[in-house]
Amino acid sequence: MNIPNASTVPNPNEYAGDEVSAIVLDPGYSTTRAGFAGEDVPKSVIPTYYGVLDSESGSEYLFGENAIHNPLRNLEIKNPWSTDGIVENWETATRVWEYAITSRLTGAKQTDPIKNGLNDPLNGDPDVEMEGLDDAEKPLTDSPLLMTEPGWSSTKAREKYIEIAMEDWGTPAFYLGKTGVLAAFAAGKASGIVIDIGASMTSVTPVIDGMVLKKGVQKSPLAGNFVSNQIRLIFNQSQPQIPLTPHYVVSSKTPVDAGVPSQAIYKTFEIPPTASFRRNEEERVLTEFKESVVETWAGPGRFSNGTNEELAKATPGRPFEMPDGWNQVFGVERFKAVEGLFDASAALFDAENPRPKDEQTIPRLVQAAMQHVDVDQRPAILAHVIVTGGSSLLYKFNERLNSELQAMFPAPRIRLIAPGNVVERKYGAWIGGSILASLGSFHQLWISKKEYEEHGPSIVEKRCK
Amino acid sequence: MATRRDVQDIMGLGGADTPKTSIQKRPKAAAPQKKLLGVNREVAALYGERPPPVAIYEQKKTYRAKRQNAGPAKKWIQQPFSNPARSDGLILKHWRRKPGPRLNPENGEDVIMEDVENQDPQVETEYEFAKYNVQVEVPSYTDEEYEAHLRSYDWSREETEYLLQMVKEYYYRWPLIYDRYDFRPSTTPSEPSSSAGGDTTTNNIKPDIDAPGTEDTPSKSLAMLPFVPPATRTIEDLKKRYYTLSATLMKLHTPETAMNPAEYSLYETLNSYDPEREAARKRLAVALMNRSADEINEEQWLLAELQRINMSATKLDTERAELRDRLEAPVPNPALAGGLAQFQTSQALAALFAQLFQQDRSKKRQSGSGRLSLSATDIIGTPTSAHHANNAQHLSGSSSNRKTSLAQPGGGSNLSQHPTRNLPPQLEHRFNVSTHDRLTSGISFGSDKLQKLRQAKSNVQTQKIAAVLAQLGFPEIMPIPTARVAGAFEGLVGRVGKLLDVRKVREKEEGELRILEAMKGKRAGDEGGPGGGEGDTEDKGVKVEVGEEGEGTQNDNENENGDGDGADNDNDEGGEDDDGDGDDDADADDGEEDADGDGENDDNDIDDDVEGEEVEGEGAEADSESARQPSEAMSSRTGTAAPSASASASHKRSASVLSGVSNKSNKRVKK
Ligand SMILES: Nc1ncnc2c1ncn2[C@@H]1O[C@H](COP(=O)(O)OP(=O)(O)O)[C@@H](O)[C@H]1O
Ligand SMILES: [Mg+2]
């Protein structure tokens, strides 16, 4: 009896895998995911948000979940990505990504134990000091690196990726994969249309034979952060206003009845933390709210259509309690936060949050993407609608998406592919990268250091198609 | 096999001290809990129907296979390897079992080996996945070939080469080639370095990476030609260019005659690519895709409707076919191996009947309604299975059901005396059921009875009747011979017979009249005086009698035919017949022309001869005698005189005369 386990060699016929301890890095707007190729979950998931402490001696950067939620004064929380899905601050982005890799994957071996994230005291102030790393050995000299990029990244951005990997991190081999393609691979499909609803961006990517149809890639800002902002608007516009209190201001709370002002003891700060810090903390509460209360109108038809709103009113509400004890049962308004993803006219708006454009809604994105797909491929593509990204976990989101797509394309058969597993949904692109980089036949595609030195960064355009 | 509970029992873990009954219930209660092991029920309930925000992996409690103790731990090394599919000699490392003579599990050796491990292992140069490095081939050409055959008005050589390179790069995936197709002539001065630097740099790198840079140098001169590439090329344009180019090169390298079938069919395919038609097809496909939900629903509805109609049509067809089979040719009964052939004699049928009756009785089947599937209900309603039909064809007598249709009159209803049920007259009428007080015993075929109606005593008459029926548009076999239909048919055949007889008699009389007149004319010419007077009176008498006999003959004929119907019946109908069948008669005459001609041409010669004899050879006496005969014959019909041999002979003769006349008259008509 020889049952395969973690210490037996996999049967070569079982899968065409050949692991070369490659590292897969999937940088997103909300989290950055890194892990070894061949594994099924990224070992290292860190927030992409980072903290900056400005002092006389210069700026100090804080990375990691533990560091950025600590209410230090002057702590600014920032994100290296711009809100339209392009890396804005390459320098800090590099450091965030490097932290994701070194803190859990390579750190212990490569860097001074004092300086990697692993050995930091649990509640020590800064997670790691990155300054010392410059003269340390480069972190990736042993591992090929597969990075993901959004479907719309520019040639310049792509060249930047390979520069960082080759020059800053010293990786022996590099490859750049598009999130859409990789999410399709994670779903086991080489062709299909990938709908990725992340934090800052929703993207729709037609994939044919493992390659993106570049002209068909669509993106829009109607994603997780948009839903968060919709919730904020709902809170602000409701009568009386719903207080959004982050965890860090609450010292202790006592239970109160629904709708009644909270009776909590709040912490006092000499100098209150910055607005960006508070906003990031509020975002955590909002994510919790999204997970437990917000619901998508499942269709058919829009929420505003006919008697749909009446029907929704008949369903039982969902309770939510703020960190300070304030609580309420949310009825029909819980449907309104997501409706804007499908129906721009239903989105709430104010001066800061302009009304989204009609063509930014998800159904319209899919429609626009399908326009670029040759008619011969359309039925095959629509049979593999792959849904991925954290915000696709919104309750009943897939039901609605399905009904919208059915209404839009009545003729071909539409099949939604959305893994029920939360991890697979959130880390779809990473998992696809993990599969790809552990395939034996993939290893001829790496851009080696030698090739990079020969041809320069532009080789990425040629090789990572 | 030991289950977990057994082990728990043995080890005295939970459940060992609980009573047996609760143990048995356990698995059921544990089933829903299984979903989230290690989470309190209350906590699990909080999740509700949503997936939990963090993935919960349950700790499997199943037993793992015990680790085999197969000596000391195997050694693994990070084996460096180079991939022959790569040109740059990149060395990666993968985990491999440590090779070498390490099968000996002695500790001492292992210790020694550990030192060896620290040395750099040999780089593997074989790589099992290198075989997947497959490149596609694209056609290649020389400058001369391009100049002579491949030039095109709207494709520069540079762009052609770009296309070929794209095809190679994207492995003939046309949607991708079309998606990435972005040709910029290298001669254009605006080489944007800021935007899309990748494209220009790609062009620069090309020769370096794709080793052979030979193609580029000679093409420069051609690229300078003032081609104005169209702003956009459709996927069809790209395909067309590539396919034509391939086909041309194929032909250049292998003349059409030298191509093998596979090559030639490829060549044909390449040549027959029509971008216009392809584009038109795609437009249609797009239109098909863009149909609205209503249109699709309508189409589906129509398709369903069509299917339904087709189904009911085929069903109707099979029902009809079944009915037809049942009525026309009895399907051989599978139960009877010999088919129907063995039941052709009446004895065999009687034996079969007896046998089946015996079976029936032994089964104590009171109502054998299945035996009567030819009864009217079945014909009107759904036809039963062919098996029933067979039985009905073979025999209908074993039924206890007395209700049988006229079409199926043979039945041994005397076998059981009690009629199951008497229908009220309206229903009997409606379902075409008829009740018979007395049925002839024995077995007979219904179809025989129908056939019998058509048959007259003589063949000639039968043929005549058949001709009349054909003229009236009757099928050879009546499709649904219900009682009423059969009755009407019987009446019709009777009338046809009568009409035929009447015509026969009329023609006979007319012929005699003519003879007599001819005789009279002769006499008047020869003698004059008293003889003529006699003839006149006689003639008159005859004429009068003939006139009177118009109706009488019908009766006589009836009697002669011996149909067994009451005489008064016919008398009543006599008048109607003449009125009603006037048309029929005329029709019948016209229609019979052929039949008569065929049937009686043989007689014609003889008749003519006889006539000739009579008229010329025989004396006046004979003639007068013959002239008197009809009157005798007529008088005999009244029942007084016994028919004499001479009378019958003369009747025969006159009849033949008549027919001769009728032939002549027919011929006249034709003229
Ligand atoms: N269970 C959930 N329900 C609703 N939204 C969720 C859920 N889990 C995560 N999100 C949202 O998904 C987004 C993160 O998705 P992700 O695909 O990781 O984005 P990115 O790739 O841009 O980092 C965040 O905006 C978060 O609020
Ligand atoms: Mg993402």
> Here is a list of conditions, (1) touching a helix residue (DSSP H, G or I) at 6+ places or on another chain (Cβ under 8 Å); (2) away from chain A (no Cβ under 12 Å), and B:Arg291 meets all of them except one; can you say which number that is?
Replying inline: (2)
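Suppose we filter the range A:417-465 for residues that are more than 16 Å from ligand 2 (Cβ to nearest atom) and small (Gly, Ala, Ser); how many remain?
Residues of the range A:417-465 more than 16 Å from ligand 2 (Cβ to nearest atom): A:417, A:420-421, A:435-465.
Checking the rest, the ones that are also small (Gly, Ala, Ser) come to A:420, A:437-438, A:440-441, A:448, A:456, A:458.
Of the residues in that region, 8 qualify.
In the range A:443-465, which residue that is assigned to a loop (DSSP other than H, G, I, E, B) and at pLDDT 90 or above is farthest from ligand 1 (Cβ to nearest atom)? Give the steps one after another, and end with the answer.
Filtering the range A:443-465 for residues assigned to a loop (DSSP other than H, G, I, E, B) gives A:445-446, A:456-458, A:464-465.
Still in the list and also at pLDDT 90 or above: A:445-446, A:456-458.
Working: A:Leu445: 24, A:Trp446: 24, A:Gly456: 30, A:Pro457: 25, A:Ser458: 27 Å.
The extreme case among them is A:Gly456.
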> Which of the residues that make up the range A:380-404 are of a type in the set (A, V, I, L, M) and either away from ligand 1 (no atom under 12 Å from the Cβ) or closer than 20 Å to A:Met370 by Cα (or both)?
Replying inline: A:Ala380, A:Ile381, A:Leu382, A:Ala383, A:Val385, A:Ile386, A:Val387, A:Leu401
>> Name the single residue that is nearest to the other protein chains (Cβ to nearest Cβ) among those in the range A:159-169 being farther than 25 Å from B:Leu176 by Cα and touching a Leu at 6+ places or on another chain (Cβ under 6 Å).
In response: A:Ala165
>> Looking at the range A:280-319 only, could you name the residues that are of a type in the set (A, V, I, L, M) and either buried (at least 19 other Cβ atoms within 10 Å of the Cβ) or without any contact (Cβ under 8 Å) to a residue 12 or more places away in the chain (or both)?
In response: A:Leu286, A:Val293, A:Val294, A:Leu311, A:Ala314
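Let me confirm something: among A:Val20, A:Val24, A:Val87, which residue is within 16 Å of ligand 2 (Cβ to nearest atom) and farther than 19 Å from A:Met201 by Cα?
Values: A:Val20 fails: within 16 Å of ligand 2 (Cβ to nearest atom); A:Val87 fails: farther than 19 Å from A:Met201 by Cα.
Answer to the check: A:Val24.
Just checking, does the range A:274-285 include any residue being part of a helix (DSSP H, G or I), over 30 Å from B:Asp179 (Cα atoms) and within 14 Å of chain B (Cβ to nearest Cβ)? Reasoning before the result, please.
Taking the range A:274-285 and keeping what is part of a helix (DSSP H, G or I), we get A:275-285.
Then keep just the ones that are over 30 Å from B:Asp179 (Cα atoms); that gives A:275-285.
Among the residues that remain, those that are also within 14 Å of chain B (Cβ to nearest Cβ) are: A:284-285.
Yes, the conditions are met somewhere in the range A:274-285.
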> Does A:Ser391 fit the bill of being in contact (Cβ under 8 Å) with a residue 12 or more places away in the chain, within 16 Å of ligand 2 (Cβ to nearest atom) and not aromatic (Phe, Trp, Tyr)?
Replying inline: yes
> If you take the residues of the range A:33-53 that are within 16 Å of ligand 1 (Cβ to nearest atom) and within 19 Å of A:Glu76 (Cβ to Cβ), which of them is surrounded by the most Cβ atoms within 10 Å (Cβ to Cβ)?
Replying inline: A:Ile46
> Across the range B:464-484, what is the total count of residues that are modelled with pLDDT of 80 or more and assigned to a helix (DSSP H, G or I)?
Replying inline: 8
>> Residue under question is B:Ala329, and the condition is that it be at pLDDT below 80 and at negative phi; does it hold?
In response: yes
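Each row is one residue, and each column tells you yes or no for (1) at pLDDT 90 or above; (2) within 25 Å of B:Ala85 (Cβ to Cβ); (3) buried (at least 19 other Cβ atoms within 10 Å of the Cβ); (4) of a type in the set (A, V, I, L, M, F, W, C).
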position: B:Met113; (1), (2), (3), (4): no, no, no, yes
position: B:Val116; (1), (2), (3), (4): no, no, no, yes
position: B:Gln119; (1), (2), (3), (4): no, no, no, no
position: B:Val123; (1), (2), (3), (4): no, yes, no, yes
position: B:Leu150; (1), (2), (3), (4): no, no, no, yes
position: B:Leu163; (1), (2), (3), (4): yes, no, yes, yes
position: B:Leu176; (1), (2), (3), (4): yes, yes, yes, yes
position: B:Pro185; (1), (2), (3), (4): no, no, no, no
> For the subset of the range A:365-388 comprising residues that are touching a helix residue (DSSP H, G or I) at 6+ places or on another chain (Cβ under 7 Å) and within 16 Å of ligand 2 (Cβ to nearest atom), which member is farthest from B:Arg50 (Cα to Cα)?
Replying inline: A:Ile386
> Of the residues that make up the range A:374-390, is at least one over 18 Å from A:Val207 (Cα atoms) and within 13 Å of chain B (Cβ to nearest Cβ)?
Replying inline: yes
> Out of the range A:405-442, which residues are aromatic (Phe, Trp, Tyr), within 16 Å of ligand 1 (Cβ to nearest atom) and within 11 Å of another protein chain (Cβ to nearest Cβ)?
Replying inline: A:Tyr427
> Does at least one position in the range A:182-204 carry a residue that is buried (at least 18 other Cβ atoms within 10 Å of the Cβ), within 13 Å of chain B (Cβ to nearest Cβ) and out of contact with any strand residue (DSSP E or B) (no Cβ under 6 Å at 6 or more places or on another chain)?
Replying inline: no
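Quick one: which of A:Glu288, A:Glu333, A:Glu310 is touching a helix residue (DSSP H, G or I) at 6+ places or on another chain (Cβ under 7 Å), assigned to a helix (DSSP H, G or I) and among the acidic types (Asp, Glu)? Steps first, please.
Numbers: A:Glu288 fails: touching a helix residue (DSSP H, G or I) at 6+ places or on another chain (Cβ under 7 Å); A:Glu310 fails: touching a helix residue (DSSP H, G or I) at 6+ places or on another chain (Cβ under 7 Å).
Exactly one of A:Glu288, A:Glu333, A:Glu310 is touching a helix residue (DSSP H, G or I) at 6+ places or on another chain (Cβ under 7 Å), assigned to a helix (DSSP H, G or I) and among the acidic types (Asp, Glu), namely A:Glu333.
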>> So, restricting to strands (runs of 3 or more DSSP E) that lie completely within the range A:149-236, which ones have at least 3 residues that are more than 16 Å from ligand 2 (Cβ to nearest atom)?
In response: A:173-178
> Can A:Arg413 be described as in contact (Cβ under 8 Å) with a residue 12 or more places away in the chain and assigned to a helix (DSSP H, G or I)?
Replying inline: no
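The values are calculated or read from the model by the stated rules, or taken from the named source; none is laboratory data. Because the structure is predicted, anything quoted here is derived from the model rather than measured. Positions of Cβ are backbone-derived with ideal geometry, glycine not excepted, and every protein chain shown enters the neighbour counts.
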